[in-house]
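Read through the structure below, which is laid out as structure tokens, and then see the notes.
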Amino acid sequence: MSEGVSSNTPLLEVRGLTKSFAGIRALDGVDLTLRAGEIHALLGENGAGKSTLIKTITGVLRRDAGTVSLDGSPIAPHSAEEAATAGIATVYQEVSLLPNLSVAQNLFLGRQPTRFGFVREGETRRRARLLLRDFGLDIDVTAPLDSYSVAVRHLTAIARAVDMSARVLILDEPTASLDANEVEILFTVMRKLAARGIGIVFVTHFLDQVYAVTDRITVLRNGRLVDERLTAELPRMDLVRMMLGRELVEATATHREAVSPTAMSEPYAVFENFGKSGYVAPFDLTVRGGEVVGLAGLLGSGRTETTRLVFGVEKADQGTVTIAGKPASISSPSEAVGHGLGYCPEERKTEGIVADLTVRENIVLALQARRGVMRPLSRREQDEIANKFIRLLDIRPPDPERPIGLLSGGNQQKALLARWLATEPRLLILDEPTRGIDVGAHAEIIRLIRQLCADGMALLVVSSELEEIVAYADRVIVLRDRAHVACLEGDAVNEPTILAAIAADTPQAA
Amino acid sequence: MALRLPRSGVPQVLAFLAILAVNWMVSAQFFDIRFQDGRLFGSLIDVFNRGAPVALLAIGMVLVIATRGIDLSVGAVMAICGAIAATLADTQPLPVVIAAALGAGLLCGLWNGLLVAVLGIQPIIATLILMVAGRGIAQLITEGRIVTFTSPDLAWFGGGSVLGVPAPVAITFTVLVLTILLVRRTALGLMIEATGGNARASALAGVGTRVMTMAVYVWCGFCSALAGIVAAADILGADANNSGLWLELDAILAVVIGGTSLFGGRFSVVLAVLGALIIQAMNTGILLSGYPPEFNLVVKAVVVLVVLLMQSPRFSGLAILLSGARK
């Protein structure tokens, strides 16, 4: 991007922004300077204050102190709508449009072209097509929004925001659920917008993307501004150090040493010819104590589906299960829990946490469910368990009585891990355990996976990050089109081999 | 959904005391309590006594609402069970009468639970079925007449007393204590709150969410049956058309006044009962004041609004802001 389009007056200038929640400083005198035509990464670990900063700028939250200026004149919006009118639009990770309305209706909702008070549908459609073509999107604008991929929904939201005369565009983790192709499309649009002089604040957890698309980086840590740098002049290691405030242990660098995996212990769970028609093709799966089995494949290849069958969320319609040498049936999660299984689903918010309940209650939930309602854990036992895991996993803030919904994503994930560790499972299933959490927690969770495995637990882990799978898996099962297509062991567990197995047509490595 | 602050019950207690104070102003004898024929009498006692059926309904309803459900059929179930009790009262021994009525209530609850938990029908629709059909069933039982009875055994449930305390109050108190023991001394309370807070997550954590859902509707049916018996015993008869009519709304109101969100999750049984008492105290107050009972509904609405405002995070934020500005 052209550097320094207008060096005198920044487009958006935030100075000394401060915000406290119940006495705790979430933002402490934060500055942010966004120049016209710039893509500006806003980075930080979970809980660093990125979301709070965005919400305070856009008026969703009231600021305690500090100023926000747009084009040199101070603004103080009271709501996201007011901010949008002033020219600051925000597109969140979960797109807040109406999925059952058409793309065109979504684009012009609340500002449809009218004649004599009647909405001109044809005109709306024409303008929508024009607008989207500008974004390199040639789609049927009359189809409902939810018939399109997340990427299209994001672009629609961005197009709407830009068309409503936004000059500052804030993108809060827009890439979290996009595949590589879709990310590229989004980046092209972002570059095009920046060239038009729009300033873009880009929040992401992916460092690659930061270097691919941004001009400048602002790093926050614990609610404070760490520094603002030019992307091109900031080495990656320095950036990570700024975000973490400490040296990152390179946890993901090497494959764990191959401990002759197959022969060492009795298989804990054996699934034979296990499957469900129209869901996952029948597969054989053996998991041993002290072993990490990775599930790799593209999105929608059947990884998550496999874990859901194994945990009894979906009922298999064929195949057999043997747990610890005995035939077993797993047709519901509670049965699975009874067999010593645990499951951290990918969708943390909708399938993991019970947001209203406290961290303590969330942690003891699975253990209590397994004991049954008639054998309640006493309050003291609950406190002990909760505090033990809060300490062990460094859950922050270390307050067992805080509603879990108020914790950051990484800490919610740790609490969910604690929920299962409290049941002392023999086989723990983790579906994308590091999705959407920051670098620090990421490394901690990988360390934890290795630790648990060393303690003799069996783990079945789904991950989109090959690097990560290679780092901890003893064996990797590769899926394609809802079927298990390869099982890699020993030296075959490396990125090129896995990639080759994921890509169709190649002769399968084994 | 916004996260709610832990409930303290302070707004409810203040509201109840305020209404009692108003009642005392309109009727100086409000707090007078007499002991007569081995039983306590007085306006205050009346609040508890008259409030008993709605309180019983609220005890069942609060658990249903905690699972993010709702039970519109409680009034109709009252009518069915009252009709059964009244019809059998003069021909059958008391245990049979009570067992039949309570059994019917449990069956009704089971029906609702099946529709909601097993067939996955939305609670408001599922229980609407029995709300409509139930009153018809009750009329079939009474053959369209108002059935009266003379059995003193059954009449005790309305007019009797335990150590001077009116029987309806004693029954409600017993059910309240029983329910609290049941949900807080076992893990039921946590499981219900988890189910209501996030049913999918709870099921994945191994919680038997279907069983929980079934259980709360069954318990709600049981509580409704007791309320029906009390109501029938009170008037020595069963009126299938009017017994429990619209009381489901009072019960829901009581739960909401008690601070339990219709979105499920956190609940308080005690505060739901307090909510029922708040409603009854208003009813009694208006009767005492001599205003026509029509005012009752309007005043009720205003009080509900006030209590809800006091619980709203936005409103308390505003209040904090105002008190800060005054300093």
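Every number in this text was worked out from the coordinates using simple rules, so none of it is lab data. Remember, it's a predicted structure, so these values are computed and weren't measured experimentally. In this analysis, Cβ positions are derived from the backbone assuming ideal geometry, glycine residues included, and neighbour counts consider all displayed protein chains.
One table, with the values for the structure above:
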read-out: Most mobile of B:A79, B:A205, B:A227 in a GNM of chain B (Cα contacts under 10 Å); value: B:A205
read-out: Least to most buried among B:V306, A:V270 (fewest other Cβ within 10 Å first); value: B:V306, A:V270
read-out: Cα centroid separation - the range A:294-341 against the range A:28-43, whole Å; value: 46
read-out: Relative contact order, percent, chain A [alpha-carbon distance under 8 Å, six or more residues apart]; value: 15
read-out: Karplus-derived HN-Hα couplings along the range A:402-411 (A = 6.51, B = -1.76, C = 1.60, θ = phi - 60°), whole Hz, x at Gly and Pro; value: 7, x, 5, x, 8, 7, 6, x, x, 6
read-out: Of B:A201, B:A83, B:A52, the one that fluctuates the most in a GNM where chain B has Cα springs shorter than 10 Å; value: B:A201
read-out: Sites B:R200 and B:L308 - FRET efficiency at Förster radius 30 Å, r taken between beta-carbons, to 0.05; value: 0.55
read-out: Alpha-carbon centroids, the range A:96-157 and the range A:345-396: separation in whole Å; value: 44
read-out: Label-to-label distance, nm, for residues given as A:T33 and B:F41 (7 Å Cα→Cβ offset); value: 8.5
read-out: All Cα pairs of the range A:388-454, percent lying beyond 15 Å; value: 50
read-out: Other protein chain Cβ atoms within 10 Å, averaged over every residue that makes up A:353-360; value: 6
read-out: Label point distance in nm, A:R241-B:I121, each placed 7 Å from Cα along Cα→Cβ; value: 6.7
read-out: Reachable aspartates and glutamates, given that their alpha-carbon falls under 19 Å from the alpha-carbon of A:K349 and they are not under 8 places away in the same chain; value: A:E45, A:E94, A:D172, A:E173, A:E305, A:E361, A:E401, A:D431, A:E432, A:D438, B:E193
read-out: Mean separation of Cα contacts under 8 Å (6+ apart) over length of the range A:355-423, as relative contact order %; value: 51
read-out: Within chain A: Cβ-based charge dipole about Cα centre, in debye rounded to nearest 20 (Lys, Arg +1; Asp, Glu -1); value: 1400
read-out: Net charge over other residues, Cβ less than 13 angstrom from the Cβ of B:E248 (K, R count +1; D, E count -1); value: -1
read-out: Debye, to nearest 20: dipole size of the range A:12-244, +1 on Lys, Arg Cβ, -1 on Asp, Glu Cβ; value: 520
read-out: Burial ordering of B:L309, A:L365, fewest other beta-carbon atoms within 10 Å first; value: B:L309, A:L365
read-out: Alpha carbon convex hull of the range B:275-314, volume per residue in cubic angstrom; value: 54
read-out: Residue-span extension gain [B:A301 to B:F315] - 0.36 nm each, minus C-alpha spacing; value: 3.3 nm
read-out: Selection from A:I404, A:A501, A:L466 lying farthest towards where the dipole of the range A:351-510 points positive, charges on Cβ; value: A:I404
read-out: Extension gain (nm, one decimal) between A:E184 and A:D491, 0.36 nm per residue minus Cα-Cα; value: 107.3 nm
read-out: Tail beyond 34 Å, pair distance distribution of chain A (Cα, percent); value: 44
read-out: Dipole axis of the protein assembly as shown (+1 Lys, Arg; -1 Asp, Glu on Cβ), positive-most option in A:V152, B:C220, A:G122; value: B:C220
read-out: Förster-model FRET efficiency, 22 Å R0, A:L298 and A:S147, C-beta, rounded to 0.05; value: 0.55
read-out: Cα gyration tensor shape for chain B, rounded if a/c is under 1.5, else prolate or oblate; value: oblate
read-out: Residue with peak Gaussian network fluctuation, chain B [Cα springs, cutoff 10 Å], from B:G144, B:G189, B:G228; value: B:G144
read-out: Computed FRET value (nearest 0.05) for A:A65 with A:N222, which takes r as the C-beta separation and R₀ as 25 Å; value: 0.90
read-out: Dipole-positive endmost among A:I445, A:T320, A:S96 within chain A (Cβ charges, Cα centre); value: A:S96
read-out: Relative contact order [Cα under 8 Å, 6+ residues apart], chain B, whole percent; value: 33
read-out: Full-extension gain in nm, A:T320 to A:D399, via 0.36 nm per residue minus C-alpha separation; value: 24.1 nm
read-out: Order by protection proxy (mean Cβ within 10 Å, highest first), peptides A:328-337, B:90-99; value: A:328-337, B:90-99
read-out: Theoretical ellipticity at 222 nm over chain A - DSSP helices of four or more residues, -39500 (n - 2.57) apiece, nearest 500; value: -9500 deg cm²/dmol
